[in-house]
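In what follows, a structure is listed as structure tokens, so that the remarks can point back to it.
FYI, it's all coordinate maths here, none of it is from the lab. If you're wondering where the values come from, they're calculated on a predicted model, not measured in any experiment. Positions of Cβ are generated from backbone atoms using ideal geometry, with glycine treated the same way; all protein chains shown enter the neighbour counts.
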Amino acid sequence: MNMLEVDGLGHTYKGKDGSHTAIDGLDFTVGAGELVCVVGPSGCGKSTLLRTIAGLIRPSRGTVSLHGTKVDGVPRDLAVVFQDYSRSLFPWLSVTRNVEFPLRSLSRTEREARAVEALAAVGLAAAGKKYPWQLSGGMQQRVAIARALAYRPSLLLMDEPFASVDAQTRFELEDLLLRIRREQDTTVLLVTHDIDESVYLGDRVLVLSKSPATVVAHLDVPLGPVRDQIGTRASEDFVELRAKVAGLLQGGPVSVR
Amino acid sequence: MNMLEVDGLGHTYKGKDGSHTAIDGLDFTVGAGELVCVVGPSGCGKSTLLRTIAGLIRPSRGTVSLHGTKVDGVPRDLAVVFQDYSRSLFPWLSVTRNVEFPLRSLSRTEREARAVEALAAVGLAAAGKKYPWQLSGGMQQRVAIARALAYRPSLLLMDEPFASVDAQTRFELEDLLLRIRREQDTTVLLVTHDIDESVYLGDRVLVLSKSPATVVAHLDVPLGPVRDQIGTRASEDFVELRAKVAGLLQGGPVSVR
Amino acid sequence: MNRFTRTAQRWVVFVAAVALWELVTQLAEASGAAMSFFFPPPSEIALTAKDLWFSSAFGKHIVPGVGRMLGGWALAGVIGVAFGILLGRSRHAMAYLGAVFNFLRSIPPPLLVPFFVAAVGTTNMQFPTIVFGAIWPVLLNTVDGARGVDATKVETARVFRLSRTQWTLGVVLPSALPKVFAGLRLSLSIALILMVISELVGSANGIGNQLVRAQRDYEPTAMWAWIVLLGVLGYLFNTVLLALERRALAWQPRHSLETQALATGG
Amino acid sequence: GLLGGDDTTSSSGSTGSTGGVEKAKVKVGVLPVVDVAPFYRAIEQGYFKEQGLDVEPVVMASGAASIAAVLSGDVDIAFSSYPAPLLAQSKKIAEFKIVADALTAKPGHIVVVAPPNSPLKKPTDAPGKKIAITARNTMTDLAPMSVLKTQGVDYTQVEWREMSFAEMIPAMERGEVDGAVVVEPWVTTAMKKLGAVPVFDGASGPTAEMPMSGYVAIGGSGKFATTSPNTVAAFQRALAKAQAEATDRTKVEPMFVKYAKIDQETAQLVTIATYSTSLEANRIQRVANLMSEFGVIKGNLDVSTMIPSSTSNK
Amino acid sequence: MSGAPRVPASLIGLAGFFAIWEVASRTDLVPGYYLRPPSVVLPKMVTLLGDPAFVRAVVATLVATLLALVIAVLIAVPAGLVLGSVPPVRRAVMTLVEFLRPIPSVALIPLALLTFGTGPDTKITLAVYGALWPILFNTMYALDEVDPLHVETARAFGTGRLGLLRRVALPSAAPFVLTGVRLSFAIALAVVISTELFSGGTIGLGQVVNVASGGGFNMDTVLAGTVLAGLVGYGANAGLEWLHRRAFAWSQPRGDAE
Ligand SMILES: Nc1ncnc2c1ncn2[C@@H]1O[C@H](COP(=O)(O)OP(=O)(O)OP(=O)(O)O)[C@@H](O)[C@H]1O
Ligand SMILES: Nc1ncnc2c1ncn2[C@@H]1O[C@H](COP(=O)(O)OP(=O)(O)OP(=O)(O)O)[C@@H](O)[C@H]1O
Ligand SMILES: [Mg+2]
Ligand SMILES: [Mg+2]
């Protein structure tokens, strides 16, 4: 069964001076345990899409269904890594407390264990006692990732989660995500600007058009469940898919650069 | 003559619970009109380096000199694109007003002309009247870039300026930066996590070590002043340099993936 | 900057002001200026104050009033924060209660005396008067702070389906806290002022009662001594509150403009 | 020259000539009480105009405020209950001159009342009881204390509670106080609203016919009372004319309603005290003596020094 | 307290308040002759508003309040900007300020009468003194909360100290400063009315109430004055809120789903 079903979804932001249609008539589904990458031009409506799925904004048109029931309000068992990661951390809580914050149903020790584990996974084992504003941009972003992972959601929405980390860390985090997805069978919807990343991570890649976003293509990525940074990226399939996505994004014929 | 001279630069953040040395004993110079890319692991101290050069924090050790005079306070003719672009925009000003903010010395019409030009250059001609919070992440980042460009500084410091835009836009902005640098003879120091980008853009690439940051290598990029996205990236020199930077960053021997 | 210069900085203006006060009043007295009777020099006030404050007046006039004032202020703080968060985060609460609160807030406390006299009687009205007057700065500032919770943080909280308490105490309250403290500091002095005003009616003791008696009995030195006592009390309570504030807001990257100034030497 | 000519001008002024007033425009600080009813009548009937005065009433909130206003020179003449200016004079704040006497207590004007079920039924009940007064060291506590003292009751054991007249009535109803010292129109009001009963009269025995209030000005070099004797005399003449008419209820009742905001019904019931037509130092001296007796004034105060030399009343 | 300007809901709230008062007064839960019910007070208020003398008094009170508020803003905002951004000055001045703040203006009335006379100067001066603090404190605290990155951005673009205050600190502090102004309006109104009430001398709502309460049970007039003061403050607050919404649309809360 489909975990997530998006049906005729559209959203228009209303303002005093005119309204702005961010997304329009989006249709797609995501199966349970799938990892779908979303790519699209800047400002096309990817963040808006994630927000509607998370139930944070009520779409102007269409529906989002989770497990067959229509989303109305924030669904359970959901975690989001926001694009604006620095603002999504609570400045009055230390890094560890930030990660522990959503885990209120757990016992204290379990909470701590989860936080320590998640922070170690993103390479921030030593930063637990610091406050968010004492961290670099990339470190803050990793705290936000650690918080989402520690929550162990069944649906994980990530909005450009690796934008601010260096290449090396990015690779490690990508592999971390793949591993966790395998282990916990998490469904992931991940927005990225890195075409390579979308192909490397995704079971499928959803290509969106310019604003208002519509679905341009829905590509399957037949690279198998286990991937590795060097082998996979060097494979012919990978290079071909990458070029395909890039071409779709440019809106022109597929060209390899 | 050297435009920028960094000499034994070190900075230690002091906190209630211990202090943290972000950078230590950095030495390098940047010639006038050069474009130097800085790469380094997340949290190594790149943003701290830019802040000391901009005179926003006083370094604990060492000096920064511009045109041979020691920096004390914010130097003139400087523009910064901050990593945390969304917070660096003023929420009470419209996009156009944000871009006009630093152009106080100009006449009103000239200010407006510059803002319109800069916004058009980053592809936001239509967003001038909106407020920053009505924009997507990537659009906000482009506003911050437009603001810095409209200022026409002689020294431009950019902290991961293209992290939140899609690949296509990123290419366009990279080329825009190269063009402006050529036309206005701007000296640019640009922090990036994208190794390809650092090689594509830079006259030189400065590779920093893990925290506390020290200079690992200072690579010349002999790709000539005019580059193009398809040709340059496909060139052998490019691929080789890219691999070299990646290797240096990993701290191990150079390996090509 | 070392401790000593900081302390010196803290007191230099105060000491200069008192010195000037002394000088002016002494000169006025010496020249026999008309109103000098009502403006005694601070040295004289200090002597009277010593006798007045540390006599039996302490237990009789100072302690009960100050106790009421502190209690009233604390209650006002709790109510103000609670309603502030409610009104700041709930459109409905604001729609229904906002008007009533704005109406009540605008009634000058002395005009409210009839209500309190009617409701709790003449002798018991001090406490409600203090609470009623001291609520507003906390309430309004809390509303402001609660409404100002950053949008991304609101969304983060909603995504993780925080419980109501966690949302209120863990997100809204901390982000409103700096503004709450601004309100609490304003309320503190208002509570002290209302303590005095409320002691004008129906009471046989209290600083306000003594102050007005000194006024009526043409004893300006005593009157000034009571006024100075209010200043001293205000200063003391404020100092304690500031220490509390520093602890509660320790997480803040202290204070942006100040650190800027320090970091760059000006 | 001004000081030298004082007496002659004032005597010529007292013959009724209006040409001699030094200051035609006079500001008078008054309170919204029954004591000033004749003053308003004098304005309404043009008695001040007859004397060449243009009198502007400035309504103050309390005797103390009125005194402060006259001290600062903001008003030329201030109405006040006597204790305040006498106390101020004894502290040598300024040279107070009593320009005119306003009201003298008659039985029923200042009364200690108690609600019907109060334990305070007679003067001897007073010790240990809570009794509401407007303020300490005013007529509201001095007069009853004096009465109690002469009856041999221990007045020091009374617990005085300070509040406004309006608050005394609900306070008595709630039993917060056992009684209250009220003056007209509140005596009437308390009886009407609460069925309050008089316990004893505040103006009886030692305080019978006690002067309650008057009009004061400031003397001394350069001050109104000294520089404008003719004006003072003119004021006295005009006011005296109205005070003399005040024995006629119909002439003061409208003033009660209009200026003291007493409702028609109550106004018809209030006891009207005596409005003095003369200014006698020895009568007012009784107030000073009363204040000395209870330690409000330290030492003795000679009220005769406070009567301006130009006084037209004998 | 700005929010959805839903008139019906706000009226329901106010109506509820008056209903409770009416019931309390009618059932003699409180002495009804003393706390007159709104059904008596509100008509009385309307009657009084037809009396030119009363209207003059209300206008006098309002003008004094507004004048005091304007003066307080002109003093407190610049002072708050300086105190909030120059730590040494802040340290030096705050000690004195903390001594002065808790001194009630009511206690200063006699001294003010002696110094400024019975004219409107007294009440305006005292009202300025009372209204300064909320504006000053909210300005100072708002400066503490200015986003450091805004400051850094402006500084990086060569903005000087004054420019920083005017172009960054002031706009980002402005919404909270306006909240301070809303607090201050009520305080200025309270001080003006209290001064009229306790000192007299000038015409005003406070004096009307004082005169009324001196002459027997005119509690209807007293309460009408009280309700009117509340309505005046309510109106002023609504105006300031409207200003807030207009001027600071950027600071409106976001992130709540409708
Ligand atoms: N205000 C601060 N107080 C204390 N420590 C800080 C502060 N700012 C940064 N640091 C620390 O200094 C180090 C360097 O931070 P910086 O922001 O310069 O890193 P960066 O190289 O820009 O990293 P990134 O690529 O993730 O942005 C980090 O370890 C961080 O924790
Ligand atoms: N609160 C808002 N009010 C009005 N318009 C908005 C608002 N938020 C977003 N928009 C508009 O909606 C469009 C889509 O925004 P969104 O943030 O979803 O883009 P995005 O795909 O995430 O872009 P990016 O990759 O740059 O983050 C943009 O054109 C933006 O201007
Ligand atoms: Mg986005
Ligand atoms: Mg950084």
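General remarks:
- Choice from C:A119, C:A57, C:A16 showing the highest fluctuation, given a GNM over chain C with Cα pairs closer than 10 Å: C:A16
- Oblate is the label for segment C:40-263. Its Cα gyration tensor axes, ordered a ≥ b ≥ c, give a/c of at least 1.5 and b/c at or above a/b.
- Position B:R76, label points 7 Å along Cα→Cβ, spacing to each other copy in nm (shortest first, one decimal): 6.5
- Cα long-axis angle, helix C:91-105 against chain C (0 to 90 degrees, to the nearest 10): 10 degrees
- Net +/- balance of residues flanking B:E110 in space, Cβ distance below 12 Å, scoring K and R +1, D and E -1: +2
- Spatially, segment A:1-44 and segment C:21-41 are offset by 78 Å when compared through their Cα centroids.
- Relative contact order, whole percent, for segment C:40-263 stands at 28, derived from Cα pairs under 8 Å and 6 or more residues apart.
- Ordered by the number of other Cβ atoms lying within 10 Å of each residue's own Cβ, fewest first, E:F185, D:F235 fall into the sequence E:F185, D:F235.
- Relative contact order of segment E:36-248, defined on C-alpha pairs under 8 angstrom at six or more residues apart (%): 31 percent
- Classified by the C-alpha gyration tensor, chain A has an oblate form. Its axis ratio a/c, with a ≥ b ≥ c, is 1.5 or above, and a/b does not exceed b/c.
- Average Cα contact separation per residue, chain B, under 8 Å, 6 or more apart, as relative contact order %: 24 percent
- The order of B:R58, A:R51, B:R108, A:R170, going from fewest to most other C-beta atoms within 10 Å of their C-beta, is B:R108, B:R58, A:R170, A:R51.
- Whole-angstrom gap from segment B:52-129 to segment B:204-254, using each part's C-alpha centre: 28 Å
- Prolate is the label for segment C:173-232. Its Cα gyration tensor axes, ordered a ≥ b ≥ c, give a/c of at least 1.5 and a/b above b/c.
- Here r is the Cβ-Cβ distance between C:L169 and A:R152 and R0 is 30 Å; the resulting FRET efficiency, rounded to 0.05, is 0.75.
- Net charge contributed by nearby residues that have their C-beta within less than 12 Å of C:Y218 (K/R +1, D/E -1): +3
- Between segment D:239-263 and segment C:99-143, the C-alpha centres lie 39 angstrom from each other.
- Ellipticity estimate at 222 nm from DSSP helix runs (n ≥ 4, -39,500 (n - 2.57)) divided over the protein assembly as shown, nearest 500: -16500 deg cm²/dmol
- Principal-axis tilt of helix C:109-120 within chain C, Cα atoms, nearest 10 degrees: 80 degrees
- Label-to-label distance, nm, for residues given as C:K60 and E:V40 (7 Å Cα→Cβ offset): 4.0 nm
- Using alpha-carbon coordinates, inclination of helix E:205-214 to the longest axis of chain E, degrees: 30 degrees
- Residue-averaged beta-carbon neighbours from other chains (10 angstrom radius) around D:52-61: 4
- Residue order, fewest to most surrounding Cβ atoms within 10 angstrom, among D:K193, A:K210: A:K210, D:K193
- Gaussian network model of chain C, Cα within-10 Å springs - most flexible of C:A214, C:A157, C:A250: C:A250
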